[in-house]
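Notes for the one structure printed next.
Nothing in this text is a laboratory measurement; each read-out follows from the coordinates by a stated rule. Quantities reported herein were computed from a predicted structural model and do not represent experimental measurements. Neighbour counts run over all protein chains shown; Cβ positions are idealised from the backbone, glycine included.
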Amino acid sequence: MISSRYNPAEVENKWYEYWTNQKYFHSEPDEREAFSIVIPPPNVTGILHMGHMLNNTIQDILIRKARMEGKNACWVPGTDHASIATEAKVVQMLREKGIKKGDLTREQFLEYAWEWKEKYGGIILEQLKKLGASCDWDRTAFTMDKERSSAVIKVFVDLYKKNKLYRGKRMINWDPEAKTVLSNEEVLYSMEQSKLYHVKYQIADTDEFLTIATTRPETIPGDSAVAVHPEDPRYTHLAGKKVIVPIIGREIPIIMDEYVDMEFGTGALKVTPAHDVNDYEIGLRHNLDIIDVFNEDGSMSTEATIYLNEDRFIVRKKFAKDLDAAGHILKIEDYQNNVGRSERTNCVIEPRLSLQWYVDMKSLAGPALDAVLKDEVEFFPKNQKNTYRYWMENIKDWCISRQLWWGHRIPAYYYNDEIFVAETFEEAFEQAKLKFPDIALENLRQDEDVLDTWFSSWLWPISVFDGFNDRKELDYYYPTSVLVTGWDIIFLWVARMIMAGYEWEEKRPFNQVYFTGMVRDKLRRKMSKSLGNSPDALKLIDTYGADGVRFGLMSCSPAGGDLLFDEKLVEQGRNFSNKIWNALRLVDSWDVDHTGTANAGNQLAYNWISNKINALAGDIQKNFEEFRISEAVMSIYSFVWNDFCSWYLEMVKPPFGEKIDIQTKENSIDIFSRITSLLHPIMPFITEEVWHLLKHRSEGEDCMLSQYPQPAPFDSVLLDRVEQAKDIITNIRDIRNKNSIKNAEALDVVLLKSERANALISFEGWTELCTKLANLNTITITTDENIAGAAFISGTEKCIVLMQKEIDTEKVIEEKTRELEYQIGFVKSVEAKLNNERFVSGAPATVVDKEKAKLADGLERVKILEEELKRLGNL
RNA sequence: GGGAGAUUAGCUCAGUUGGUUCAGAGCACCUGCCUUACAAGCAGGGGGUCACUGGUUCGAGUCCAGUAUUUCCCACCA
C-alpha cells in the first residue's frame, strides 16, 4: 500500500544508505569511458550553505547522468585545510579555553588543530550526503593528508629546481589579525567612508607651513619625506628644503616626484615608505628611510615613538586630536576611499615590507592562457574567458608563504645565508653538508612559515588521484571531465589549476568549466550571516526534501548568472515531488483487466507520449551539452506535469470503478519509468522510490543504474494531430467555462466537412480522446454550414459545439469580431509581404512558401469567422 | 581610469543561424471548481511599443552606432 503522502526524510535516508551499501558511488578504473569530477573542496571549517548546495547539486546531476549513460563516473570528494580560516577558528577555540597561541609551541598548537579537524572537519561532507551527493566517499581526500601533502612538497621542490620559485623582500598585504601575509587575490576592496585630514607641516627654519592631505594620520611618525610635483608652481621654491614632522619633531626632506597628482588635495603628499606601496616606490627612487611604525598586530611599534602598542585605529583618533590641539589640523573632510580587507578575517590590510616566497607566474601562464583562448578548456559561460585572459596577461607573481602554523610547512632550510630546498630534512642536510662539511644538525633550520592554502588546491585535480606518486589512477581519470565552481575563485583557484595542469601533466586539468553564480536573496543581496538572509540549508532539506531543494535550486539558475533564491522555488520543488507521488498513486491504484487490450484512444495516447518523450530526451540532451541545466529541468517539469499528468494520465485513466487493460497499464508504467530515469539526476530520491514502487524490480535493478533515456526519432505528424485534439478539447472546456456548462453534461460536437476534417476524424484514436477528455456524446462531421451552436476554430477547422440552451451571443460576437480583426490584419501583413517584389526575390524560397501557406490558412480562418458572424447575425 | 555584461509580462528569466502563428516559460494575478491521484490540486483566462534614438535589411527582440540606466571584474590619488 502506497502512503497517501510522500515522506521525503524517510525515503531519502533509506535510499542513500542503500546506494552506499551497494557501493554504487564507488569507481575503479576499467574499460569504460571515464567521467570524473573533483569537488571544489569546501573548507574543513565550513558548514553547508546555499552556495555549496547549488554547486554540489549541479555536480551530482552531471555525475549521475554520466553514470546512467554508461560512463565510469567518479566524483572525488574532499575538504580543504583552509589555513587561515581554520587557524583562526582554533585560536578562538583556544582563547575560549583560556589558552593563548603564543604560549604554545608549534607542535602543541598543531595537536589542538588536528583534534579540532577530526572533530568538526567531516561535518560538511555528512551534510552533502543529505543532499544526495553521489561522491565516491572511499576517495575522500584532504589537502593536508599524506598524499596531498607529498604532492605539495614535491611541487615546491620542483619549482625551486626549475628556478620558478624565489624569495624576495617586497611590499605585501599584511593581515594584522591573522598576523600573516596574504596574496593580492585574498584582499577584497570596497569603498568605505573615512576622513581626509589636512595637516600642516612646518618648513624647517621658517614660519611657513606646507599642508598635506592624508587618510592615515597615524602613519605620520613613519614619514620620510613630503613629495610635491616638480612642476607645481606652488612648491617649486621649496626644492631642497625640509619640513618638520608634526609632534614627532623629525626633519624630513621635501622631494620632487612626478608621481604626485597636483590636482589632489593640496598637491603635497606625505611619503611613508613602510606603509604604502606607492610611497615605497617613491622611497626607492629617493633613497628614503623606511620607518615601520607598526607591530605585526597593527599596534604602534617602538619606531613610532608614540602610543606604544596601541591599536592603529585608536591611535588614528588620538593622534589626530593631538595634531589638532597643537594647531596642525587645517581641516577634516569626509572622504570615500577604497579599503582593502582580508578575505578571511575581514581585517583592514596593512601594506608592509617583508621577505616572502613567490612563484614566478609568468613562467607558468603561457600554455594555460592558450588553452582557454583556444577552448581546449571550455568555459561556460563564455564571457568568463575575457576576465581570465586579462588576468593571465597581466599576471603578478604569487606570494605563497604564510606566517601561520596550520598548513604545509615550507620545505626550505637555512644555514647562515644559504637556502636548501628538499623534500625532507635529511636531504636538505645532505645538501648542506656538501657545502658546509662542518655543519651541525641543529644549525640547519627549517622555514617557520607554511604555504598558502591555494598552493595545495591548485594541484587538486592531480593530487586527489595521488598523481605525483602513482600514475595508475591519474592516467585513467585525468583530465577530469568538468569543473563546477563559482566565478569568484577564477583566479584564486581555476586559473592556477590550469597552470598546474600544464606544468606537471602537460594537459588540461578539466575539459570544461561551468561557473555558477552567487546565491543571493530575492532583493539581490548577498547571502550573509550579518543580514540573516541565508536560509539554513539543512532545515530546507528537512522541510522540502532534498529533491525539492535540488529542484528549486536548479529550476532557476542561469549559467553564470546569480541565483535569486526564494523559498517559493523549493516549495515548487516539493509540490513537484507531491505531484509525482500522486501520479504514482493513481497508476498504482489501477486494477487490471488481464484480458483487455488497449482501445484506440489509449493506444494513441501511448504513441503520443512515447514520441513526445523521445523528443524531450533530445531537448534535454541539447540543453545539457550547453549547460542550460535549468532549461532541462523545466522542460522535464513541464513534461511531467502537463503532458504526462494533465494529458496522458487523463487520457488513459479508467472511469471510476472500472478496470484498465493490462497493455495500457504496462505502457503507463513504461512511460513512468522512463520519466523517473530522466528525472533521476535531478531528483534522485523520489525517482528511486517511485521506480521501485511502480513494479517489481529484480535485485540491483535500480533507477540510479537504469539507462538514461537518449534522444530518439519521433513522429512529428502524430504529435501535431494530438496537439490539435488537445486544442479542440481545450476550446470545448473553455466553452463550458464561459457558459457554465457542468463537466458532467455530455456534449455533441460537429466538425465542418473538409478534407482535413475527414482525415482528422478518421485518425485512429483521435475521436476517443476528444470524447473522453471533453466529455462528448459524439463528434461528427457535417456539411451544414449554418448549424447552430458555439463555434470555434481549431487549426483551420471549424468546430461547433451543439448546445442544449441558448448562449450569450453578444459576448461571442464581440470575441469573434476581435479575432476576425486580428486575422484580417494578419492576412494583410502577409499579403503585403508577398506583394513586395523584393521580398519574393530576396528571401529564400522556403520562407516564401511558408508565407504563402500562412496566407492560405489565414484566408481560410477569415472565411470561417465571417461565416460564423453572419450566422450570428452580425455581419 | 580600463574592461566585460545586462536592460523582454508584476517578479525571475528563455528567446540559438535576422523570417512576423515568435513575443515565450515558471511564479504571481483573475474566474470557476473540494470532479475518489493530487487544494502542495483541477479547468479556463488576462498581462509586454522587447530601455531609448537612429541605421542596415524585403523583413530587427535578434545585426550596427549612439544615449540612458544598471551589474560585475581589474587597477587605483594620498
| message | So if I place +1 on the C-beta of Lys and Arg and -1 on the C-beta of Asp and Glu, and nothing else carries charge, what would the dipole magnitude of chain A be about its Cα centre? I want it in debye, nearest 20. | response | 1200
| remark: Packing-ranked peptide list from A:244-257, A:18-31, highest mean Cβ count within 10 angstrom first, is A:244-257, A:18-31
| message | Would you report the distance distribution of C-alpha pairs in region A:372-518 as whole percents per 10 angstrom bin, up to the bin with the largest distance? | response | 10, 31, 28, 19, 9, 2, 0
| said: How are the alpha carbon pair distances in region A:534-683 distributed across 5 Å bins from zero to the largest one, expressed in percent? | reply: 2, 9, 18, 19, 17, 13, 10, 7, 4, 2, 1, 0
| Distance cut-off 21 Å, percentage of C-alpha pairs in region A:278-365 lying past it | 54
| query | Mind checking the angle between helix A:567-589 and chain A's longest principal axis? C-alpha axes, 0 to 90 degrees, to the nearest 10. | reply | 40
| said: Using only the alpha-carbon atoms of region A:598-690 as identical scatterers, what base-10 log of I(q)/I(0) does the Debye formula give at q = 0.10, 0.17, 0.25 Å⁻¹? | reply: -0.28, -0.75, -1.31
| note | Plugging the Cβ-Cβ distance of A:T597 and A:S762 into 1/(1 + (r/R0)^6) at R0 = 22 Å yields, to the nearest 0.05, a FRET efficiency of 0.60
| Can you give the Kirkwood hydrodynamic radius of region A:150-258 from its Cα pairs, in Å with one decimal? | 18.0
| remark: If A:R402, A:R32 are placed from fewest to most neighbouring beta carbons inside 10 Å, the sequence is A:R32, A:R402
| query | According to the Kirkwood expression over distinct Cα-Cα pairs, how big is the hydrodynamic radius of chain A, in Å? | reply | 33.3
| request: Taking the Cα centre of region A:577-640 as origin, sum charge times position over the Cβ atoms of Lys and Arg (+1) and Asp and Glu (-1), and report the length of that vector in debye to the nearest 20. | output: 120
| query | For region A:751-875, what is the Kirkwood hydrodynamic radius in Å, using each pair of distinct C-alpha atoms? | reply | 16.4
| Using +1 on the beta carbon of Lys and Arg, -1 on that of Asp and Glu, and nothing else charged, what's the dipole of region A:800-875 about the Cα centre, debye to 20? | 240
| said: I want to check the label-to-label distance for A:K331 and A:D375. Put each point 7 Å from Cα in the C-beta direction and report it in nm to one decimal. | reply: 5.8
| request: Highest first, please rank the peptides A:201-211, A:608-618 by the mean number of other Cβ atoms sitting within 10 Å of their residues. | output: A:608-618, A:201-211
| query | Put +1 on the Cβ of each Lys and Arg and -1 on the Cβ of each Asp and Glu in region A:649-739; which of A:Q724, A:F714, A:M683 then has its Cα farthest toward the positive end of the dipole? | reply | A:Q724
| task | Arrange the following residues from fewest to most other Cβ atoms within 10 Å of their Cβ: A:T730, A:T664. | result | A:T730, A:T664
| said: Taking the number of other C-beta atoms within 10 Å as the exposure measure, put A:R550, A:R525, A:R508 in order starting with the fewest. | reply: A:R525, A:R508, A:R550
| query | If packing is taken as the mean number of other Cβ atoms within 10 Å per residue, what is the order of A:42-54, A:369-381, highest first? | reply | A:42-54, A:369-381
| message | Largest first and in whole Å, what are the equivalent-ellipsoid semi-axes of region A:801-875 based on the Cα gyration tensor, each being the root of 5 times an eigenvalue? | response | 34, 11, 8
| query | Debye sum, Cα scatterers, region A:415-454, no solvent: what log₁₀ I/I(0) at q = 0.25, 0.30, 0.34 1/Å? | reply | -0.84, -1.13, -1.37
| Dipole of region A:608-747 [Lys/Arg +1, Asp/Glu -1 at C-beta], most positive-end residue of A:T664, A:N743, A:W647 | A:N743
| field | Charge sum, other residues only, whose C-beta stays under 10 Å from A:Y259's C-beta, Lys/Arg counted +1 and Asp/Glu -1 | value | -4
| remark: With the 8 Å Cα cutoff and a minimum separation of six or more residues, chain A has a relative contact order in percent of 12
| Hull volume in cubic angstrom per residue (convex hull over the Cα atoms of region A:63-120) | 107
| Positive-end residue of A:I123, A:F25, A:F35, charge dipole of region A:1-133 with Cβ unit charges | A:I123
| message | Taking the 0 to 90 degree range and rounding to the nearest ten, how far is the long axis of helix A:146-161 tilted relative to the main principal axis of chain A, both from C-alpha atoms? | response | 60
| task | May I ask what percent, to the nearest 5, of DSSP beta bridges between residues of chain A are antiparallel? | result | 70
| query | What list of ³J(HN,Hα) couplings, whole Hz, do you get for region A:273-281 from phi and the Karplus terms 6.51, -1.76, 1.60, once you set θ to phi - 60° and write x for glycine and proline? | reply | x, 7, 10, 7, 4, 5, 4, 5, 4
| So for region A:68-193, Kirkwood radius off the Cα pairs, Stokes-Einstein at 20 °C and 1.002 mPa s: how many µm² s⁻¹? | 117
| 14 Å beta-carbon shell around A:F436, net charge (K/R +1, D/E -1) | -2
| In degrees between 0 and 90, to the nearest 10, how far off the longest principal axis of chain A does helix A:629-638 point, with axes built from Cα atoms? | 30
